[in-house]
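**Student:** The structure follows.
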Amino acid sequence: MALLKHSLPDGKYYGMLAEFPAPRELVHACEHVRDAGYKRWDAHSPFPIHGMPRAMGLKSSILPWVVLVFGLGGATSAMLLQWWTSSVDYPLVISGKPFFSWQAFVPITFELGVLGGAVAAVVGMLALNQLPMLFHPLFGSKRFEQVTDDGFFISIESWDPKFDLEATRNMLERLGATHVELISADSRVGAS
Amino acid sequence: MSDEKIARPLGHGSAGLKLSASQFSVPRGSLWARLPWIAGIVGLVGIAASAVVGWGTEQFYFSWLVSYLYFLSIALGGLFFVLVLFVTKAGWGVVVRRVAENVMSTLPLFAVLFIPIWLGRHELFHWTHEEAVATDAILQAKAPYLNDGFFLGRAVAYFAVWALLSWWFAAQSRRQDHSGDHAITHRLQLWSGPSIFLFAVTTSFAAFDWMMSLDPHWYSTMFGVYFFAGALVGMFAFQAIVFIGLERTGLLRNVVNTEHFHDMGKLLFAFTVFWAYIGFSQYFLIWYANIPEETIWFEHRMAGSWESVTLLLAVGHFLVPFFFLMPKTIKRNRGLLLAGAMWMLLMHLVDIFWCVMPVLHHHGVHLGLLDVTTFLGIGGLFISMFSWLLARHALIPVKDPRLPESLAFENM
Amino acid sequence: MKSSAAPTEDNISHDPVDGRAPLILGGHDFHSITEAVAAPLEAKPPLGWWIVLAASGSLLGLLGISTMWLIWEGIGIWGVNNPVGWGWAIVNFVFWIGIGHAGTLISAILFLFRQKWRTSINRSAEAMTIFAVMCALIFPGVHVGRAWVAYWMMPIPNQMGMWPNFRSPLLWDVFAVSVYGMVSFLFWYTGMIPDLGTIRDRSKTKIRRMVYGFLAQGWRGSARHWQHYESAYLILAALATPLVLSVHSIVSMDFAVSQLPGWHTTIFPPYFVAGAIFSGFAMVMTLMVITRVVFKLENIVTLRHFENMSKIMLVTGSMVGYAYGMEFFIAWYSGNPYEQFTFVNRAFGPYAWAYWTMITCNVLSPQLFWFKKFRTSVPLLFILSIFVNIGMWFERFVIVASSLHRDFLPSSWGYYKPTFWDVSLFAGSFGLFFFMFCLFLRFLPMVATAEVKTVMPEADPHHGEDRTAPERAMASLEEEPTY
């Protein structure tokens, strides 16, 4: 997890940022960028766009597996805790119930399983997204401030093997970008 | 943007008018067209065999009751599903609704199949024994409810309500195949709400009458909900199997797609979990308070080999399907979904068997010829009527205004 | 400019069979949605906000005094006695938790059911959940008497070698409600991250940018991030759904695991859950009726949203009514004289006034929602939502007081009346609730802006094409009507 700084290779430019007018143009452009063989690039939008992962050729998220592991872990820990405290360490006779009252242990087991899964989902999502990352070169662009409002963008990093100052710009303009700008690699430009 | 304010009518008119019922019906001479006969013969043979083997014996009536409640619960599940699709104005489900309508339309058959239960009430229900009631204060207290006349009257009422609801909703839907009239959709949506209420009351009391009163000292406010939960598991499993079967014989290939199967799988998964929640709640509260009057019901189901069946339900009806049906990839895979659905159909049968049979066989599981013949008998007739209805009408509501939305449906 | 006054069009008189009615009115586009939601955060708060803040602030003060006096003097300042050892405190606890559940239902369950209309109200509803859970936790915290050793409920190794009693539903409550609070918070916060980014990017001052920037964690709308985000959101929704069912089921088990007539009945878990959703939606309704007018969000929280909410209230209210019916019938059917007495006593005994209030508010009043006129009239919705909450409070009161005050042995029978401090603590909890809600409205985006944008037609990548997806699907089937 890149906590505060984006560790970039050396280079003057971060990459190119292209703005598109609407989701349709963005998805269409992404399909072409994907097919052109770019690897280090991204699309940006104020909300998730239907069909975007396919358009970008992204693989499915592994988050569900992480959640499953921690969910089962939470449930197992809960059952172990209850078993050990009630049946082993200090067994007490409570209204005639057996020391290992698995039925009575179900509610807490379920709850801690859900907690484990939920925490894993959120922490896992942030980790997979390498968030928090408060400083990023893209924040240097004034137009990029629209990304959380109504702006749709594609950014292609300059370290992508296919990146070329002219060719990439031409491709983006051909795909319908309304504005293309070069982003400097100064990562001290922050979101704060 | 201004013309997007109100979504314009699809297809500038009624787009569905171009499709006709005959274009989406079961082809003549296909397996589905012959199924009513095949299943019908199996059914009649099964019933005849049951009568020959054990007419009048306790085992006959109990085996009959198990199979009866099993197939009835699937039919009732179909009724509920249709009502819910209308009350929620669901878009995705239009392509699957006709099959559910055909499932629920078998309900009148169950009125006829109830006759042996009425004839066998003495063997089935302890509260019909006058000598027992005379010496039992609790049964006397319940006598205003548990008596022959009111029992029969209630049964008549349940079948009247179920037949009326299933017939009316199905008939209106089929009428729309020809007229494409939007007013029909409005009407069905409007009446689906009160119909659900009628469904809830009749189904709950039917469960009390035909299953809970087998043990007339026992009671549980949750029992109606428990029966309902199992019924829906059975229905969604049956539905998935029917559609996979249709697809494998080349029907509805362009209509019911992976997205719909995914949703059918989700419903099966959700109600499996719901059944477990309801079943466990009922068990758990009775276990915890430990009142003998209540715990006896579970005691009977832990005696001898019944204990293994209880364990089988916990593991097979919940634990394994929970993990099996959870992943998206399984629900979107026909073969795996089919396996899961068939398993759940089996588990639902085990559930009904486990609820009913311990009243007859106290010491353990007893499977006999009558269990098989009555299952084939009632099941055969159920499948026969269902497939007969399926072949008689279009397989999808061809002029339903929401059909286009259903065809284009995509999951998250 | 986008309409912010009362809408001249509506989305409830439209025939839903022809096509889905729009969810957002007033000709909004993405930017105007951002403006509508963010502007109140950036401007001076309206007078109405200050008034509510002041009123709730004073009730909050009352809460503080009631709590401190209770801890100082002891539970004796309340009206609890023998036989009614549990009074308003447990009723209020269940009341507040129940209210919280609607937020999770709107966020999680409606999401799983693909109900797009939830996006206008889910943020406020989730906030409501968190504040309701905060209010709820006060009561079990202080009603134990020695609140300063409340940590004994946690399984922390100690010099006494003792552990909490895991076989008690009261302890399951501790875990269930804590987990519920934490997961609700995680869900609420995760949903807010993109919108916090929006506020960050609009910030005019450095402090604002720093605070919202920190909270937004550097969110930049990356599609790769959105993919993991959507996965997390779906998982949280899928986890929160059984969670909300389990939490109120566990709360119901506080009563149902006992042997007390009127408490020990197997239908309690789903019945409590249905009741919780019922009362929670009523509270959301109450809050949104006021909020949308004060902050001019009538085109985002529309009459269609209210109509849908009232339908859910009709469904859950009917489930509650069904449960009442089942309880009553089975109490008779059981032949158990104690069960039968309990129900007769509820309807005709000393607490009959509470029972009939409950029936009128919970069973009769939501039946008005069968009629479209009641579902779409804002003043009527406001009044009915308050009725429902009153009724649901009384339901818990009837369950607790009427079952406890007359149980098996007539010589133990008694009566419970609340004291001033019972009432003041409850009133004070409303202060906490509305105070926190006011702060939320002032500082955080009150509508899930990014989510609302996804349900607008413009968000669809196929928007503007000649034919919609349903039209294309239909056309291809008409061209080739074979299997």
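Throughout, read-outs are computed from the coordinates displayed, never taken from laboratory work. What you are looking at is a predicted structure, and each value in this text was computed from that prediction instead of being measured. As a convention, Cβ positions derive from the backbone with ideal geometry for all residues, glycine included, and neighbour counts pool all protein chains shown.
**Student:** Under the Karplus relation 6.51 cos²θ - 1.76 cosθ + 1.60, θ = phi - 60°, what is the ordered set of whole-Hz ³J(HN,Hα) values for the stretch C:445-458, x standing for Gly and Pro?
**Tutor:** Running phi through 6.51 cos²θ - 1.76 cosθ + 1.60 with θ = phi - 60° gives x, 7, 10, 6, 4, 4, 5, 4, 4, 5, 8, 7, x, 5 Hz.
**Student:** Additional query: Are there any chymotrypsin sites (Phe, Trp or Tyr not before Pro) in the stretch A:83-192 that are in a DSSP loop and have at most 16 other Cβ atoms within 10 Å? List them by number.
**Tutor:** Sparse-neighbourhood loop chymotrypsin sites (Phe, Trp or Tyr not before Pro): A:Phe99, A:Phe100, A:Trp159.
**Student:** Same structure again: Rg (Å, one decimal) plus Dmax (Å, integer) for the alpha carbons of chain C?
**Tutor:** Taking only Cα atoms of chain C, I get Rg and Dmax of 24.3, 82 Å.
**Student:** Counting each DSSP H run of 4 or more residues in the protein assembly as shown as -39500 (n - 2.57), what helix-only mean residue ellipticity at 222 nm follows after dividing by all residues, to the nearest 500 deg cm²/dmol?
**Tutor:** Rounded to the nearest 500, the figure is -20500 deg cm²/dmol.
**Student:** Right, another one. Under 5 Å between amide H atoms, partner at least 5 residues away or on a different chain: which partners does B:Leu251 have, H built in plane at 1.01 Å?
**Tutor:** For B:Leu251, whose amide H was placed from the backbone, there are no distant partners under 5 Å.
**Student:** Turning to a different aspect of this structure: What angle, in degrees between 0 and 90 and rounded to the nearest 10, separates the Cα long axis of helix C:223-256 from the longest principal axis of the Cα atoms of chain C?
**Tutor:** 20
**Student:** Using amide H atoms built in the peptide plane, which far-off residues or other-chain residues are under 5 Å from A:Gly15 H to H?
**Tutor:** For A:Gly15, whose amide H was placed from the backbone, the distant partners under 5 Å are A:Ser158, A:Ile183.
**Student:** Each residue of the stretch B:71-78 in order: what ³J(HN,Hα) in whole Hz does its phi give by Karplus 6.51 cos²θ - 1.76 cosθ + 1.60, θ = phi - 60°, with x for Gly and Pro?
**Tutor:** Along the stretch B:71-78, the couplings run 6, 4, 4, 5, 4, 5, x, x Hz.
**Student:** Per 10 Å bin from zero, what fraction in whole % of the C-alpha pairs of chain B is there, up to the bin with the longest pair?
**Tutor:** The percentages, shortest bin first, are 4, 21, 31, 25, 12, 5, 1, 0.
**Student:** Along the Cα→Cβ direction, 7 angstrom out, place labels at B:Val372 and C:Ile12. What is the inter-label distance in nm?
**Tutor:** For B:Val372 paired with C:Ile12, the spin-label model returns 6.2 nm.
**Student:** If you don't mind, there's one more thing I want to ask. Give the calculated FRET efficiency between B:Ala157 and A:Phe99 to the nearest 0.05, with a Förster radius of 60 Å applied to their Cβ-Cβ distance.
**Tutor:** Given R0 = 60 Å and the Cβ-Cβ separation, E is 0.75.
**Student:** Can you tell me the relative contact order of the stretch A:63-128? Whole percent, Cα pairs under 8 Å, sequence separation 6 or more.
**Tutor:** After rounding, I find 57 percent.
**Student:** Given the options C:Phe214, C:Ser279, C:Asn389, identify the residue whose Cα lies farthest towards the positive end of the charge dipole of chain C (+1 on Cβ of Lys, Arg; -1 on Cβ of Asp, Glu).
**Tutor:** C:Phe214
**Student:** Hey, another quick one. C:Leu47 to C:Ala469: extension gain in nm, 0.36 nm per residue of separation minus the Cα-Cα distance?
**Tutor:** So the chain would gain 147.3 nm between C:Leu47 and C:Ala469.
**Student:** Relative to the longest principal axis of the C-alpha atoms of chain B, give the angle of the C-alpha long axis of helix B:369-392, reported between 0 and 90° and rounded to the nearest 10°.
**Tutor:** 20
**Student:** Another question, then. Would you order B:Ser22, B:Ser281, C:Ser310 from fewest to most other beta-carbon atoms within 10 Å of each residue's own beta-carbon?
**Tutor:** Arranged by neighbour count, lowest to highest, B:Ser22, B:Ser281, C:Ser310 become B:Ser22, B:Ser281, C:Ser310.
**Student:** Which FRET efficiency value, to the nearest 0.05, do you get for C:Thr205 and A:Lys12 by plugging their Cβ-Cβ distance into 1/(1 + (r/R0)^6) with R0 = 41 Å?
**Tutor:** Computed FRET efficiency for C:Thr205 and A:Lys12 comes out at 0.80.
**Student:** Would you calculate the separation in nanometres between label points at B:Asp181 and A:Asn170, each defined as 7 Å from the Cα along the Cα-to-beta-carbon direction?
**Tutor:** 6.5
**Student:** To continue, here is another question. Under the rule a/c < 1.5 gives rounded, and otherwise a/b versus b/c splits prolate from oblate, where does the stretch C:233-295 land using the Cα gyration tensor?
**Tutor:** The shape class here is oblate.
**Student:** Kyte-Doolittle mean at least -0.5 and Cα extent at least 24 Å along the axis: which DSSP H helices of chain A qualify?
**Tutor:** A:63-83, A:102-128
**Student:** Collect residues whose amide H, placed 1.01 Å from N in the peptide plane, falls under 5 Å from the amide H of A:Phe152; neighbours closer than 5 in sequence don't count.
**Tutor:** Excluding prolines and chain starts, which carry no amide H, the hits are A:Phe20.
**Student:** List the extent of the Cα atoms of the stretch B:30-172 along each of their three principal axes, largest first, rounded to whole Å.
**Tutor:** Answer, in whole Å and largest first: 57, 38, 19 Å.
**Student:** OK, next. In cubic angstrom, how much convex hull volume per residue do the alpha carbon atoms of the stretch C:341-416 span?
**Tutor:** Here the figure is 75 Å³ per residue.
**Student:** Next question, about the same structure. The stretch A:63-128: D in µm²/s via Stokes-Einstein (Kirkwood Rh, Cα pairs, 10 °C, 1.306 mPa s)?
**Tutor:** Using the Kirkwood radius from Cα pairs, D works out to 125 µm²/s.
**Student:** Which of these, A:Arg174, A:Arg40, A:Arg143, has the largest mean-square fluctuation under a Gaussian network model of chain A (Cα springs below 10 Å)?
**Tutor:** Taking springs between Cα atoms under 10 Å, the residue moving most is A:Arg174.
**Student:** Roughly how many whole Å is it from the C-alpha centroid of the stretch C:236-313 to that of the stretch C:391-452?
**Tutor:** The two parts, judged by their Cα centres, are 14 Å apart.
**Student:** Continuing with this model, one more query. Quick one: Cα centre-to-centre distance for the stretch B:359-399 and the stretch A:89-124, in angstrom?
**Tutor:** 41
**Student:** Still on this structure, I have one more. Could you list B:Val133, B:Val66, C:Val149 in order of exposure, starting from the residue whose Cβ has the fewest other Cβ atoms within 10 Å?
**Tutor:** Sorted ascending by nearby Cβ count, the order is C:Val149, B:Val133, B:Val66.
**Student:** Here is a further query. Under unit Cβ charges (Lys, Arg +1; Asp, Glu -1), what dipole magnitude, rounded to 20 debye, does chain B have relative to its Cα centre?
**Tutor:** Here chain B has a charge dipole of around 1920 debye.
**Student:** Take the alpha carbon gyration tensor of the stretch C:115-156, find the square roots of its eigenvalues, order them as a ≥ b ≥ c, and report rounded if a/c is under 1.5; if not, report prolate when a/b exceeds b/c, else oblate.
**Tutor:** prolate
**Student:** Under a crude label model (7 Å from the Cα following the beta-carbon direction), how far is B:Met326 from A:Leu92 in nanometres?
**Tutor:** In this crude spin-label approximation the distance works out to 3.3 nm.
**Student:** Okay, next question. If you look at just the Cα atoms of the protein assembly as shown, how large are its Rg and its Dmax in Å?
**Tutor:** Rg and Dmax of the protein assembly as shown, Cα atoms, are 30.5, 100 Å.
**Student:** In degrees, nearest 10, range 0 to 90: what is the angle between the Cα axis of helix B:94-104 and the longest Cα principal axis of chain B?
**Tutor:** The angle comes out at about 30 degrees.
**Student:** Counting partner chain Cβ atoms within 10 Å of every residue's Cβ in C:249-259, what's the average?
**Tutor:** 4
**Student:** Among C:Glu307, A:Glu166, which comes first, then next, by fewest other beta-carbon atoms within 10 Å?
**Tutor:** Least to most surrounded, the residues fall as A:Glu166, C:Glu307.
**Student:** Build a GNM of chain B with springs between Cα atoms under 10 Å: which of B:Met212, B:Met326, B:Met347 gets the top mean-square fluctuation?
**Tutor:** B:Met326
**Student:** Do you know the Lys pair count in chain C for C-alpha distances under 29 Å, with sequence separation 8 or more or different chains?
**Tutor:** Close lysine pairs found across chain C: 28.
**Student:** Using the Karplus curve 6.51 cos²θ - 1.76 cosθ + 1.60 with θ = phi - 60°, work out ³J(HN,Hα) for each residue of the stretch B:237-252 in order, rounded to whole Hz, and write x for Gly and Pro.
**Tutor:** Listing the rounded values in order: 5, 4, 4, 4, 5, 4, 5, 5, x, 4, 5, 5, 8, x, 9, 6 Hz.
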